[in-house]
Structure formats: C-alpha cells, structure tokens
Amino acid sequence: MTPKARSIVVWTLVAVVGAVCWAVLALSRGEDVSALWILFAALSSYLIAYRFYSRFLARTVLRLDDTRATPAERLDDGADFEVTDKRVLFGHHFAAIAGAGPLVGPVLAAQMGYLPGTLWIIVGVIFAGAVQDMVVLFLSLRRDGKSLGQMVREEIGVVGGTAALIAVFAIMIIILAVLSLVVVNALAESPWGVFSIGLTIPIALFMGCYLRFVRPGRVLEVTGIGVVLLLLAIVGGGYVETWGLADSLTLSKETLTVCLVVYGFVASILPVWLLLTPRDYLSTFMKIGVILLLAVGLVLATPVLQNDAVTSFATEGNGPVFAGKLFPFLFITIACGALSGFHALIASGTTPKMVGKESHVRMIGYGGMLMESFVAISALIAASVIDQGLYFAMNAPAGMTGGTVEGAVEFVNGLGFTLSPDQLNAAAAAVEEELVSRTGGAPTLALGISTIFSDAFGGNLAAFWYHFAIMFEALFILTAVDAGTRVGRFMVQDTVGNVWKRYADTTWKPAAWSASAVVVACWGYMLYVGVTDPLGGINQLFPLFGIANQLLAAIALTLCVTLFLKHGWTKWVWVPAVPLAWDLVTTMTASYQKVFSSDPTIGYFAQADRYREARDVGEVLAPAADASQMATVITNSTVNGVLQASFAVLVIVIVANAAVIWVRALRAGSLPTTEVPHVPSQLPPDGAQEREPVGAGR
Amino acid sequence: MSALAAVRRYLRDFTGESRWDAYVERCEREGTEPMTRRAFERHRDAHRERSTQGRCC
C-alpha cells in the first residue's frame, strides 16, 4: 500500500470513529450513555481538525515560511530570545496556558447537560480557540515577539491600545480573584485540604533551597523528591484529626481569604528561585501526570454519564449553579478549553521568542490548545459521571441549600432529582469532607476524579484521590496567582514608570513592593466580594470572569482581523472574523443581560435595586440574613455591574477603533504593518540549533 | 534509544537541566573554562527573576 493510500485509509477510519461517536451522542436519549463516546468523539475531531484545518491555516492562510528566520534565530541572546526544540516549547506553552480554567468552567456548565458543553468545547476549540492561539502566535512571531497590547497599540491605534492595556490589567485581576475563590471554596472547613495545600509551601521552599544551595540544576531529582513529599502531605492530611490538628486547620472562608492575600503578596516579592520556580515544576508535572492518569482512568473505568444530554436549566435559565440560558451563558462559562483570551497573552509573551521555525506555530499554537480542550472534555466527563442530585447539592450556593444536609436534600429533591440524606452523608464520608454547597467546581471535579480513579484502579482510596485532585488544582492556581501578581506588578511598574522613571526599575524594592501591594489589593478586594456575597461568590463572579476572558479573546481576534486586512489577506479574513463575530455576539449579549436585565437573578443592577428597595422598607431578603448582608449584596452587585459594563465598553472602543482601520485597509487593498522584513534562515529544516551557554529555560 | 531514555531526555530538556551539559560541551570545544554549575544556575535564576511569564487560568 502506498503512503498516500495508507493515509486515506487511516483518516477514513478516524472519521468513521468520530462520526459513530457523534451519532451515538446525538441520538441517545433516556438511556445509559458511556462517557467514552464523548472522549472518542473529541479525540477523533481533534485529530481531523489538526490534520486538515490547521494544515490549511498553516499552508494556505498564514503561509508559514521556514525560509524566514524567526526572532529566536535572529535575536538569539540565549535568554529572552532562544531557538527551542518544538516538542519542548510545546510542553512549556501548554503548561502556561492550561490551568484551572478548563477544569472549572466545564464542571459548572454541566448543569445544562453534557451535550451543550461537549459541542461548544470541541467546535469552539477547532474554529475559534486554537485559531486564535495559532494566529496570535504567528503575528507576534512576525513582530519580534511583541505583546498583544503593543500590537494593538501599533496596528490599531493609541486609543485601542490604551483601552487594551486597561482591559488586560482589569481582566487579569478578575481572573486572579476568581481562581483564588475556587481555592478558598475548596479549602474552607477542610482541615485535610488546608494541611496538604499548606505543606506545598514549605515543600516548594525546600526545593528552591535545594536547587540554589545543595544541588544546583538537578531539577528532575528535586522534583522527584517534591512529588513524593506532596503525596506524603496528602496522606498525612488524613491524620489531622488523629494528631489533634483538625480544629486549628478548620478555617473559614474569610480567614482563608486573608491567608491567600498575605500569601499572594509575599510570594510575589520573594525571589522566584525560592518559591515560584520550584512550585512551577511541581504543578507542571502534577498537571501532566493527572491528565494522563485521567485519560487512562476513563478508559479503564468506562463510566456512564449520569446527567441528561440537555437539562431544562439550559432552556429556562434558572439553574442554581449560575443563572441564565444556554445562549449566551454556556459560551462564557466555558472559556478555557474552547476559547480563552488569556492565551493570547501567552502566545504573544515568551513563546514567540523561542520558536525555531515558523511551521512550529501549528503544533505549538493549534496543537497546544487542542490539548487544553482535551482537559476540558475530561473535566466535563468527570462532572457528568457523578450522581446529579449530588452534583447540585455540591454546586448550589449555601443561600439555596442552607448549608445543611437536610436543606440540600430538600432543595435538590425540589429540582426533580432524587437524593436522600443517607446518600449525601455516604458520599461525604467516602471522601471525608462535607459536600454541601462546595461551589467553585474544584470539589465536584475532585469527586468525579475520585469516582473514576477508584473504579479504574480499585482500592479503598476515594478520600485520597479526592484530596489528590484538590491538591492538583490548588497547586497550579497558587502558581497562577503568584505569577499573575508578579506580571501585574510589572505592568503597574511599567505604566507608572512612564511618568516616574525610577519606579519602572523592577529591582527597586519600594516600587516592587508597592506595585505588588496594589495588585494584591485589587484581586484581594474582589476575592473578598466573592467570599462574603450571600448570593454565592461563584454564582456572582464566575460570569464576570468568563465574560472578561472572552472579551480578551475579542480583543485578540480583533487584532487578527485587523492584520489580515492590513496584509491584504481579505480572502481569508473569515478565519478570525467568524470566531470574532461569534465571540462578540455572545459576550455582548451576556454583558447586556448582566447589566440591563430586569431579572434580579441575572442583572447585577436589577439585583442591587431589588435589595435596595427591600432594605429601604426594612425587609431582609433571603439569602441575606440581616441588614448588613443586604448592604453587602447591594454593594457587591453594583461593583460587579460597573465592572461588567466597563469591560464591555473597553472592548467596544477597541473594536470601533479597529473598524476605522478595517475600512481604510479595505479601500486601499492593504496597509503597511509592523511586520519585520524577511531575513533568510540559516537553521536546518527542523529548527534545531546548538544552545547558547546561558539561557532562560524554565 | 529506549522509550524511557527518550522520556528522560525530554524531561531534562523541558526543565532546562540539560543546558548545563550543552554549555560544558561548548566550553570544551572552544577551549574556554566553564563557570561553576552554581554560578551557571544563578545566572539562569537571575534571568527568570526579570522575565516571569503569567500562567493562564
């Protein structure tokens, strides 16, 4: 058989597998459906998309040119710019883009059933998310690795650029706050979790000192030690009661908020070698390990989906996890895994400065995002294989369940599910945690992973696996908080440095400390808003987080459309324009509803008005328990509404500014851009090059 | 090369651990005296300090 014939046979088989899986998912109603149909529908779709669509993008649309030297080759300094093996860079890029987002969003969206989330994650990543990542990486690559903000300023204009700068900073603050909220909700009243996660700090410090003073450079060795210590920390958490530590480690959400804020500040001003770098090694290895383990576990356990394909919450918009109908709220709840604007910051950050050949953009940009999508699909499956009564008991805010087993059972049964106190207590006992109103997605995912791993690998280890999963999520959220605060600090220093030069010096401690304090105060305040909100922090803040992330995607895709038109690639402008149009329709509709809806469960201002009117006549509305909580709801909802409106306005400003350029470019056929002229590459076709002696690495 | 060796090599490249070997080889080839491992790694730490990359959500 010729290679071509073999290729046709192989791809036909992949297509048939995918078609069968999709057909089963489309036609199955009211019967047992194995989760593997979703898994293989996703995998076959990714393979086909990578093989055909990304190749079309690489060859026909972007015309990736390996004869052109990349910034890594031209500007190679062994540090910021450096040619890196594409497989290694793929790993770095994936570790940077994949965090808690693809795990949390799909878990929350499972309230609408397994099918809407599955469709959006797979279709979204193929035609929007992976396209955005690949195109932004390519555009930055052609501009010496410039950042998203720089490119918007230079290619669209100062107004758009300034709006983009503000939007990026504000969106990052919301993202850090919501990620922290996920950790707070997972660790509140959980001495086991606090013990295990708390120990990650001394473990990382030990690793940092080991690498600095004892055995410099032995990263694998110290990571091995760190992973063993982490596992011991998880096992040790099971003995906190025996050791008499349970009471002192049972922390409220408010206490955890203070701990996290203090931690965030201290971690962001410590030298990176002491805490950030070693914990990054741990979280990256844990991330990749758990994802592989989950894929194997799913195949071995072959779990059956417990939720409906589409629930009534999708059409009626009255779900307890978050309010709103499938359109537009599914598309902003699941961001990472389908389309995530934050990736554009990574794709225009370190990655483009390390790409050896332009053709590597396909694997790193498109392939990396497909991999993240696979993580999201695994999370959706994990949330869908647990009993749905249990799912809603865990994910409904305490204001709805009363925070008690009896209240949760009554609430869940009122939704039409069957759940008994014994079932809920048994599930809680199995993982040795309280499960009522454990919102945020992390505990639900942990329960799903625990269920899958227990079935797949046997043994009476449900509690271990639950806390293993919590540790896995908390680890990289803490890394994201630390790194995000540091990046925010650099942004503040850079901005203030425009008017006060010395402030931009990142080694000047007063500037570094005060800028860190500003960033931590911003996300700390939003975290506090989420933690104290009687309506439920996740319920209130997650839509803001999702919309913010998708608005960032709108900024990135607007840049892509602008550059396609400026380059005169009008024929292919639909490639970024279609996802941009979809993203703008969903995010602007969601923003409009969150700001202007008269339904108090959706509109922030309607919510504030309802509580204000009640307060003015001396009433207390549930779930607020007193006048002070009424005031909290009014303040929080107003703050959320103002932020929501501001984000949308910033994006409208950027798109309006870009539209002027689009018209000019269309009239002129093309416009000059900041693309660096072609310089012939001296590297061999695979882009391999001997490394410079001292490099950045990670 | 066995699969295990390939994985180990990838991980050493991924973590940047193999950079030291490349640096020493290069110094040998050029006949220059390499800096100590400790100094080499501190140089890399200093670079990381200046160029933290954000982590996505």
(request) Could you tell me the convex hull volume per residue, in Å³, taken over the Cα atoms of region B:3-50? (result) 80 Å³
(request) Starting at the first residue of region A:611-621, write each ³J(HN,Hα) from the Karplus equation 6.51 cos²θ - 1.76 cosθ + 1.60 with θ = phi - 60°, in whole Hz, x for Gly and Pro. (result) 6, 5, 4, 5, 4, 5, 9, x, 8, 10, 8
(message) Can you give me the long-range amide H partners of B:Met35? Hydrogens built in the peptide plane at 1.01 Å from N, cutoff under 5 Å, separation of 5 or more residues or another chain.
(response) none
(message) I'd like the distance between the alpha-carbon centres of region A:62-134 and chain B, rounded to an integer number of Å.
(response) 24 Å
(request) Could you state, as a whole-number percent, how many of the C-alpha pairs of region A:594-652 are farther apart than 14 Å? (result) 53 percent
(message) Amide H of A:Val385 versus every other amide H placed in the peptide plane: which residues, excluding those fewer than 5 positions away on the same chain, fall under 5 Å?
(response) A:Gln306
(message) Per residue of region A:381-398, what does 6.51 cos²θ - 1.76 cosθ + 1.60 with θ = phi - 60° give for ³J(HN,Hα)? Whole Hz please, x for Gly and Pro, Karplus curve as stated.
(response) 5, 4, 6, 8, 9, 8, 3, 6, x, 5, 4, 6, 4, 7, 9, 7, x, 4
(request) Could you pull out every one of the lysines with an alpha carbon less than 29 Å from that of A:Lys594, ignoring same-chain neighbours closer than 8 positions? (result) A:Lys253, A:Lys325
(request) Treat every Asp and Glu Cβ in region B:3-50 as -1 and every Lys and Arg Cβ as +1, leave all other atoms uncharged, and give the resulting dipole magnitude about the Cα centre to the nearest 20 debye. (result) 200 debye
(request) Using only Cα atoms, tell me the angle between helix A:219-237 and the longest principal axis of chain A; keep it within 0 to 90° and round to the nearest 10. (result) 10 degrees
(request) Compute the FRET efficiency between A:Ser420 and A:Ser252 as 1/(1 + (r/R0)^6), taking r as their Cβ-Cβ distance and R0 = 45 Å, and round to the nearest 0.05. (result) 0.95
(request) State whether chain A is rounded, prolate or oblate according to the following rule on the C-alpha gyration tensor (a ≥ b ≥ c being the square roots of its eigenvalues): a/c under 1.5 gives rounded; otherwise a/b larger than b/c gives prolate, and the remaining case gives oblate. (result) rounded
(message) Give the B-A buried accessible area in Å², both sides summed, 1.4 Å probe, nearest 100.
(response) 4100 Å²
(message) Let me check something: with ligands and nucleic acids excluded, how do A:Arg438, A:Arg29, B:Arg38, B:Arg26 order by accessible area (1.4 Å probe), largest to smallest?
(response) A:Arg29, B:Arg38, B:Arg26, A:Arg438
(request) Would you mind getting the accessible area per residue of chain A, heavy atoms of the protein chains only, 1.4 Å probe, in Å²? (result) 35 Å²
(request) Among the lysines, select those whose C-alpha is under 19 Å from the C-alpha of A:Lys146, and discard any that sit fewer than 8 residues away in the same chain. (result) A:Lys353, A:Lys357, A:Lys566
(request) Could you tell me the distance between the Cα centroids of region A:212-288 and region A:596-666, to the nearest Å? (result) 37 Å
(request) Determine one quarter of the surface area of the Cα convex hull of region A:333-379, which equals its mean projected area, and express it in nm² to one decimal. (result) 3.4 nm²
(request) For region A:217-264, run through the chymotrypsin sites (Phe, Trp or Tyr not before Pro) and keep only the ones in DSSP coil with at most 11 other Cβ atoms within 10 Å of their Cβ. (result) A:Trp243
(message) Please report the carbon-and-sulfur percent of the accessible area for region B:3-50; probe 1.4 Å, protein heavy atoms only, DNA, RNA and ligands left out.
(response) 54 percent
(request) Enumerate the calculated ³J(HN,Hα) couplings along region B:33-38 in order (Karplus 6.51 cos²θ - 1.76 cosθ + 1.60, θ = phi - 60°), each rounded to whole Hz, writing x wherever the residue is Gly or Pro. (result) 7, x, 6, 6, 4, 4
(request) Please determine, in degrees from 0 to 90 and to the nearest 10, the orientation of helix A:114-124 with respect to the longest principal axis defined by the Cα atoms of chain A, where the helix direction is its Cα long axis. (result) 20 degrees
(message) Per DSSP helix of 4 or more residues, -39500 (n - 2.57); summed, then divided by the residues of chain A. What does that give at 222 nm, rounded to the nearest 500?
(response) -22000 deg cm²/dmol
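Looking at the P(r) of region A:215-362, how many percent of alpha-carbon pairs lie beyond 28 Å?
It works out to 53 percent of all Cα pairs.
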(request) Would you kindly find the accessible area of A:Asp247, with a 1.4 Å probe and non-protein molecules such as ligands, DNA and RNA excluded, rounding to the nearest 10 Å²? (result) 140 Å²
(message) If you roll a 1.4 angstrom probe over the protein chains with everything in place, what fraction of the accessible area of region A:1-58 belongs to carbon and sulfur, to the nearest %?
(response) 74 percent
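The values are calculated or read from the model by the stated rules, or taken from the named source; none is laboratory data. Predicted, not measured: the structure shown is a model, and the values here were computed from it. Every residue, glycine as well, gets a Cβ built from its backbone with ideal geometry; the counts of neighbours run over all protein chains shown. Only protein heavy atoms, including side chains, enter the accessible area calculation; ligands, DNA and RNA are left aside. Shrake-Rupley method; radii C 1.70, N 1.55, O 1.52, S 1.80 Å.
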